[in-house]
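The values are calculated or read from the model by the stated rules, or taken from the named source; none is laboratory data. Just so it is clear, the model here is predicted, and its values are computed rather than measured. Positions of Cβ are backbone-derived with ideal geometry, glycine not excepted, and every protein chain shown enters the neighbour counts.
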Amino acid sequence: MSIARPFWWDRDERGPALGLLVLLMGLLLGQTAFNVLFNQETGEFTSALAARDPARFWSAIGRFVWLLAMAVPIYACYYFVRDTLALRWRRWLTAQFLDRYLAHRAYYHLNAEGALDNPDQRIADDIHAFTGQSLYFSMIVLGAGIQMVAFAGVLWGIAPVLIYVLVGYAVVSTLFTTRLFGRHLIPLNFTQLQREADFRFGLVRLREHAESVALHDGEARERQGLWARFLAAFDNMRRVLRWQLGLNLFQYGHSFLTLVLPSVVVAADVLEGRLEVGRAVQAAGAFGAILSALTLIVEHFEGLSRFSAGIERLHAFRNTLDQPSDQQGIRTAAASELSVQGLSVWTPGREQCLLRDLTFQVQPGQGLLISGASGSGKSSLLRVLAGLWTEGEGRVLRPAGAEMLFLPQQPYLPLGTLREQLLYPQPERGVSDAELQDWLARVQLGDLPERVGGWSAVRDWGKQLSIGEQQRLAFVRALLRRPRYLLLDEATSALDADNEQRLYALLAPLSITPVSVSHHPALTVFHRHQLTLTGAGAWRWAPL
Ligand SMILES: Nc1ncnc2c1ncn2[C@@H]1O[C@H](COP(=O)(O)OP(=O)(O)OP(=O)(O)O)[C@@H](O)[C@H]1O
C-alpha cells in the first residue's frame with residue numbers, strides 16, 4: 001500500500017488518474033450489466049427452443065445481436081483505459097524510484113556493498129509488473145463484487161439453495177489454496193525473479209566485457225557460468241511448475257463443479273415442470289459467475305503469487321533506498337581548501353585499516369602526489385576525499401561540488417555524442433565547438449571530430465577510442481569545468497611521457513591544483529608535496 005498510495009495523492013497525477021479510474025469503473029459496471037443481459041437472453045432463447053416457439057426465439061436472438069453491438073466498444077475501451085492508467089502510474093513510480101536511486105549516491109553504495117540484488121531489474125521490470133497487475137487485480141476484485149451482487153439477485157429468484165452451497169464452497173477452497181499453495185508459490189516466485197535477473201545480468205556482463213573475454217579465449221568458462229545461472233532459474237522454475245500443477249488440478253476440479261452442481265440441484269424442479277429449461281440454464285450461468293467471483297483468489301492464485309513476490313522485492317528496495325545513511329564515520333565539511341584532520345580509513349566492511357591518523361592540507365597551487373605500493377590504499381584515500389567512503393574516523397574539509405573533480409584511471413564515457421563526452425554531466429553548457437576544438441588540439445586530439453564524423457557523432461566511445469585517447473578526452477572534460485582541485489587516480493597512466501607532461505602543464509594556468517596518484521617520477525615537478533603510504537596504515541609526508 002505504501003508504494004501504491006502516493007500516486008493517487010500526487011498533485012499533478014491525482015486529477016487525470018482519478019478521472020481514468022472512475023471511467024474504468026464505469027466501463028466495468030457496463031461490462032457486468034452486459035454479462036447479466038447476455039445471460040438473461042441466453043436463458044430466453046434456450047427456453048424458446050425448448051418450447052419450439054420460433055417467434056420468441058428470433059426476438060431473443062435479435063436482442064442478443066443488439067446487445068453484442070453495444071457491448072463491443074465497452075469491452076475494448078475497458079482494456080485501453082486500464083492499460084493507459086497503468087502506464088501513467090508506471091511513469092510516475094519509475095520517476096520516484098529513479099530519484100531515490102540516484103539521490104545521495106544510493107546507486108553507488110547499493111552496488112558497492114552488494115546489499116540488494118539486481119536493483120536495475122526491480123526498476124525496469126518489477127515496477128512495470130506492479131502497476132499493471134495492481135490495476136488488473138483491483139479491477140478483478142471490484143468486478144467480482146459487482147458480478148456477485150448482480151447475479152445473486154438472479155440466482156436467489158431461481159434457486160436460493162445454490163447461494164448457500166456457493167458461499168460454503170468458496171470459503172473452504174480459498175482457505176485451502178492460500179494455506180497450502182501460497183506458502184510455497186510466493187517464495188518460489190520471489191526466487192524466480194531474482195534468478196532470471198541474475199541470468200540476464202550475466203549476459204549483459206559478457207556483452208560489456210566482450211573484448212576481454214575474446215582475448216582470453218574465455219568462451220568455455222563464460223558459457224559454463226551463464227549455463228549455471230540459467231540452470232538455477234530453470235531448477236527453480238521446475239519447482240514452481242510442480243506446485244502450479246497441484247494448483248491447476250485443484251482449480252480445474254473446482255471449476256468443473258460449476259458445470260454439474262447447479263444442474264443437479266435444480267434438475268428436480270425442471271423435470272417436474274416447476275422450472276423452465278431456460279431458467280435452469282440462466283441459474284447455471286449465474287452460479288458460474290458468482291462462483292468465479294467468490295473463488296477469485298483460487299482462480300488467480302498463480303498471478304497473485306507472482307504479484308506478491310514482485311511487491312516484496314519492490315518493498316525491500318524502497319526500504320533500502322530510504323534507510324538513512326549512517327554518518328558516524330568520517331565526516332565531511334565544506335571549506336575553500338582541501339585538508340584532512342586525524343583521518344583513519346577502513347575498507348567498507350572494516351576488514352583492513354588502510355590509513356591511521358593522517359593530517360594534511362593542500363593549499364591552492366601546491367599539488368600533492370600520493371604514492372605507495374599496490375594495495376596500500378591510494379585509491380581508497382581518493383574515494384574518501386571524494387566522499388564515497390566514510391568508514392573510519394576523522395574529518396575531511398573540501399570545496400563543494402564541481403570545485404573538486406575526480407578522474408579515475410578508466411574514464412567514464414557516457415552514451416551520446418562527441419560533444420557530450422566533453423560537456424558531461426552538463427551537456428547543455430554553452431561552449432562553442434570552436435572552443436572545444438581548441439581544447440582537443442591542446443591534448444593532441446585535434447583531428448578527433450573529423451575522424452569520427454563531427455561533434456554530433458555517436459559512437460561506443462569506450463570501445464572505439466584507445467585508453468590513452470579516452471584519458472585525454474576525460475582530462476579535457478575536467479579542464480573545461482575548471483575545478484579548484486583535480487583528483488587524478490593514475491588518470492594519465494596510459495600516456496607517453498610527453499603527452500602526460502603536456503596535460504599536467506595545462507593545470508597551473510587554469511589555477512587547478514592536482515592531487516595525483518601516480519608512479520611516474522616525471523610528475524613530481526607538478527606537485528609540492530608527496531604522501532607515501534607505507535602499508536598497514538602507516539604513511540610519510542615530505543616536501544618535493
Ligand atoms: N570495496 C572494497 N571492499 C573491501 N576491500 C577493498 C575494497 N576496495 C578495495 N579494497 C582493498 O583495500 C586495499 C586498498 O585498495 P586500493 O585500491 O586503495 O589500493 P591502491 O593503493 O590504490 O592499489 P593499486 O596501486 O594497485 O591501484 C586493497 O587491499 C583492496 O583489496
What number goes with the only condition from (1) of a type in the set (S, T, Y); (2) within 20 Å of E393 (Cβ to Cβ); (3) away from the ligand (no atom under 16 Å from the Cβ) that S305 does not pass? (2)
Do we have F360 as within 29 Å of K463 (Cβ to Cβ) and part of a strand (DSSP E or B) here? no
For region 522-532, check the following and say yes or no: at least one residue is out of contact with any Cys (no Cβ under 9 Å at 6 or more places or on another chain), surrounded by 21 or more Cβ atoms within 10 Å (Cβ to Cβ) and of a type in the set (G, A, S). no
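Could you please give the count of residues in region 401-438 that are of a type in the set (A, V, I, L, M, F, W, C), surrounded by 12 or more Cβ atoms within 10 Å (Cβ to Cβ) and more than 23 Å from T492 (Cα to Cα)?
1
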Single unsatisfied condition, V362 versus (1) near the ligand (Cβ under 9 Å from one of its atoms); (2) surrounded by 18 or more Cβ atoms within 10 Å (Cβ to Cβ); (3) more than 34 Å from the chain's Cα centre (by Cα): (1)
Does P483 satisfy being more than 16 Å from the ligand (Cβ to nearest atom) and farther than 22 Å from R383 by Cα? no
Would a scan of region 44-60 turn up a residue that is of a type in the set (K, R), part of a helix (DSSP H, G or I) and modelled with pLDDT under 90? yes
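Could you tell me whether G145 is under 26 Å from R90 (Cβ atoms) and crowded, with 17+ Cβ neighbours inside 10 Å?
No.
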Assess whether P73 counts as being in contact (Cβ under 8 Å) with a residue 60 or more places away in the chain, in a helix (DSSP H, G or I) and surrounded by fewer than 16 Cβ atoms within 10 Å (Cβ to Cβ). no
Condition met for L314 (away from the ligand (no atom under 16 Å from the Cβ) and in contact with a helix residue (DSSP H, G or I) (Cβ under 6 Å, 6 or more places away or on another chain)): yes
Tally, over region 495-522, of residues that are within 15 Å of the ligand (Cβ to nearest atom) and within 27 Å of E403 (Cβ to Cβ): 5
Which of the residues spanning region 341-352 are within 10 Å of the ligand (Cβ to nearest atom), part of a strand (DSSP E or B) and not aromatic (F, W, Y)? V345
Could you check, for region 9-23, whether at least one of its residues is acidic (D, E) and under 24 Å from I311 (Cβ atoms)? yes
I need every pair where a residue in region 366-377 that is in the same structural domain as H520 (by TED's automatic domain parsing) has its Cβ under 7 Å from the Cβ of a residue that is near the ligand (Cβ under 6 Å from one of its atoms), sequence separation at least 6 or different chains. I370/K378; G372/K378; G377/L354
Could you list all residues from region 20-54 that are over 19 Å from P73 (Cα atoms), surrounded by fewer than 18 Cβ atoms within 10 Å (Cβ to Cβ) and of a type outside the set (A, V, I, L, M, F, W, C)? T42, R52, D53, P54
Flag for A334 being surrounded by 19 or more Cβ atoms within 10 Å (Cβ to Cβ) and either in the same structural domain as R122 (by TED's automatic domain parsing) or touching a residue at least 24 places away in the same chain (Cβ under 8 Å) (or both): no
